[in-house]
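Novice: Let me give you the structure first, and then I'll get to my questions.
The values are calculated or read from the model by the stated rules, or taken from the named source; none is laboratory data. Predicted model only: the values in this text are computed from it and were never measured. Glycine gets a Cβ as well: all are built from the backbone with ideal geometry, and neighbour counts include every protein chain shown. In case anyone asks, the SASA skips ligands and DNA or RNA and just uses the protein heavy atoms, side chains included. Shrake-Rupley method; radii C 1.70, N 1.55, O 1.52, S 1.80 Å.
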Amino acid sequence: MAGAVLLLAAVGYVLGLLFAAGPAGLVIAVVIAIFMSVGSYLYGDRVVLASVRAREVGPQDQPRLHNVVEGLSIAAGTPKPRVYVIPERAPNAFATGRDPEHSSVAVTQGLLETMNRVELEGVVGHELAHVVDRDILLGTILATLVGAVVLISEFFMRTWWWGGIGGRRGGDSRGGGADGILFMIGFLFLVLAPIAASVIRLAVSRQREYLADAQGALLTRYPPGLASALRKIEASAGIPMHSANNATAHLWLNQPSRIEGERLGPFEKLFATHPPIAERVRRLEEM
Amino acid sequence: MPAWLWIVLGVLVLLVVAGIWTFNRLVSLRNRVDNGWAQIDVQLRRRYDLIPNLVESVKGYAAHERELFEHVTEARARAIDASSVPDQVQAENRITRDLRQLFAVVENYPDLKANENFLALQEELTGTESKIAYARQFYNDQVMRLNTLIQSFPSNVLADAFGFDEREFFDIEDPARGPAAVDFAG
């Protein structure tokens with residue numbers, strides 16, 4: 001997390017240099033980074049839930065889902081999280097929040113429609129394992145910080161792109177030789193920042209998935225439930241997830257795809273936030 | 001102060017710290033066991049509340065299964081009156097068996113199976129059954145951890161001194177994954 005804050009501060013600093021704000025840019029960037037971190041600690045879950053258009057459901061709307069979540073919370077000995085449904089056809093789920101007392105579990109409409117009770121228990125068990133292990137705090141803060149890095153660099157790229165085509169207005173500070181080099185460094189940095197952000201994210205993501213699979217199975221005492229759910233999710237990998245984006249990819253039960261029929265190529269596998277489903281199923285079946 | 005005194009003092013401090021840590025662990029496990037028991041109780045009560053509704057809604061469609069209704073109602077009354085853990089376990093097992101039978105009978109009444117009221121009740125009951133199972137799982141896990149700590153050395157010395165007692169496991173038939181389970185598909 002400290003890494004993500006530093007990264008954000010550095011991006012802000014470079015941006016400051018480029019827009020000729022001087023050392024004050026660093027101060028501003030650090031202040032913004034601190035506010036971002038505190039903000040994502042307190043409100044990150046709401047930001048993440050809103051970004052996928054999740055809406056909270058009561059026990060009357062989704063009795064089965066609520067019963068499953070409550071049952072597994074009892075098994076885990078934690079308070080019952082709030083329950084959200086995301087209007088997406090692709091079956092998927094995630095958990096967010098800062099600690100077990102302030103946690104939420106969100107599942108897609110597609111998941112509710114395709115999974116039977118035992119499979120739903122497997123999925124919710126996996127998400128509750130993330131809650132109990134406090135992976136959700138790290139995941140949620142990373143989602144908002146990485147989101148900010150991606151947003152800033154995209155904003156910059158666009159300003160630069162359109163500024164470049166339209167010709168630079170007046171003789172601003174970017175014209176000179178030294179500023180030109182600085183500009184190149186800044187450009188490189190902003191290209192690399194999103195990649196660095198995903199590397200930080202990957203470091204925490206993949207192994208935690210295996211762990212949550214195992215702990216979820218320990219809660220349900222029935223590994224085939226989650227294995228079967230994962231197989232169904234793989235079978236529907238072609239269904240796109242419209243609200244998916246790079247910042248929240250690591251939160252989901254399985255990595256969401258944005259494009260119809262998209263499958264991961266070898267290069268994407270290197271940068272995947274989740275281990276391959278076949279491997280997860282194999283480990284569950286060995287339990 | 002001579003060196004040996006420092007060593008003795010250090011060992012004493014370590015012992016006290018370890019003692020406090022063990023005592024707090026015993027207390028926290030005992031609370032978790034109590035909490036687990038309360039949770040089972042909540043869910044069992046929920047089941048007692050649901051049974052009369054279930055019997056009523058099935059009666060409307062299958063009046064001649066009277067004997068079965070009486071069985072369920074009687075098992076419920078017994079479970080409510082049970083005073084010891086083994087008694088309760090036995091009564092709960094009977095309820096679980098009778099309910100399974102009831103749901104098996106319902107299979108013969110397509111109208112009833114399509115009734116929205118009944119479906120909602122069935123979901124509530126299936127949910128409650130699995131919550132009982134999960135509450136029992138949590139309770140038994142905590143009882144095992146508490147009993148292990150009470151039996152192990154050196155925590156057994158502290159447990160004896162402060163009157164921490166071993167607890168009984170709650171062994172009830174597992175409703176969700178038994179052979180003729182309540183229908184949980186779909």
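Novice: Between A:F35 and B:R25, what's the calculated FRET efficiency when r is the beta-carbon distance and R0 is 45 Å? Round to 0.05.
Specialist: For R0 = 45 Å, the calculated efficiency reads 0.70.
Novice: Go through the stretch A:49-56 residue by residue and turn each phi into a ³J(HN,Hα) via Karplus (6.51, -1.76, 1.60, θ = phi - 60°); whole Hz please, and just put x for glycine and proline.
Specialist: With coefficients 6.51, -1.76 and 1.60, one gets 5, 5, 5, 10, 6, 6, 10, 6 Hz.
Novice: If you don't mind, another one. Determine the relative contact order of the stretch B:53-111: mean sequence separation of Cα pairs under 8 Å and six or more apart, normalised by residue count, in whole percent.
Specialist: 36 percent
Novice: Something else now. What residues does the stretch A:96-118 have that are buried by at least 20 Å² of accessible area in the full protein assembly compared to the chain on its own, 1.4 angstrom probe?
Specialist: Residues shielded by partner chains are A:N116, A:R117, A:V118.
Novice: Under 5 Å between amide hydrogens, which residues at least 5 positions from A:Y84 or on another chain qualify, with H placed 1.01 Å from N in the peptide plane?
Specialist: When sequence neighbours closer than 5 places are left aside, the close amide H contacts are A:V57, A:V105, A:A106, A:V107.
Novice: With labels modelled as points extended 7 Å from the Cα through the Cβ direction, what inter-label distance (nm, one decimal) is found for B:K113 paired with B:V42?
Specialist: Once both label points are built, they end up 3.4 nm from each other.
Novice: Cα atoms only: what Rg and Dmax, in Å, come out for the stretch A:47-131?
Specialist: Taking only Cα atoms of the stretch A:47-131, I get Rg and Dmax of 11.5, 32 Å.
Novice: Can you classify the stretch B:1-149 as rounded, prolate or oblate using the Cα gyration tensor, where a ≥ b ≥ c are the square roots of its eigenvalues, rounded means a/c under 1.5, and otherwise it's prolate if a/b beats b/c and oblate if not?
Specialist: In terms of gyration-tensor shape, prolate.
Novice: Additional query: What is the list of residues in the stretch B:113-140 whose amide nitrogen lies under 14 Å from a point 7 angstrom out from the Cα of B:E56, following Cα to Cβ?
Specialist: Backbone N within reach: B:117-118, B:121.
Novice: Computing the accessible area with a 1.4 Å probe over protein heavy atoms, can you report the carbon and sulfur percentage for chain B?
Specialist: Roughly 57 percent of what the probe reaches on chain B is carbon or sulfur.
Novice: While we're on this one: Given a Förster radius of 51 Å and the C-beta distance between A:M287 and B:L12 as r, what FRET efficiency does 1/(1 + (r/R0)^6) yield to the nearest 0.05?
Specialist: Plugging the Cβ-Cβ distance into 1/(1 + (r/R0)^6) gives 0.65.
Novice: Note down the relative contact order for the stretch B:66-165 as a percent, whole number, built from C-alpha pairs under 8 angstrom at least six residues apart.
Specialist: Averaging sequence separation for qualifying contacts and normalising by length gives 14 percent for the stretch B:66-165.
Novice: What is the interface area between chains B and A, defined as buried accessible area summed over both chains with a 1.4 Å probe, reported in Å² to the nearest 100?
Specialist: 1600 Å²
Novice: What full-extension length gain, to one decimal in nm, is calculated for A:R53 and A:H102 as 0.36 nm per residue of separation minus the Cα-Cα distance?
Specialist: Between A:R53 and A:H102, full extension yields an extra 15.7 nm.
Novice: Efficiency by 1/(1 + (r/R0)^6): what FRET value for B:E168 and A:F187, r their Cβ-Cβ distance, R0 = 51 Å, to the nearest 0.05?
Specialist: For B:E168 and A:F187, the calculated efficiency is 0.15.
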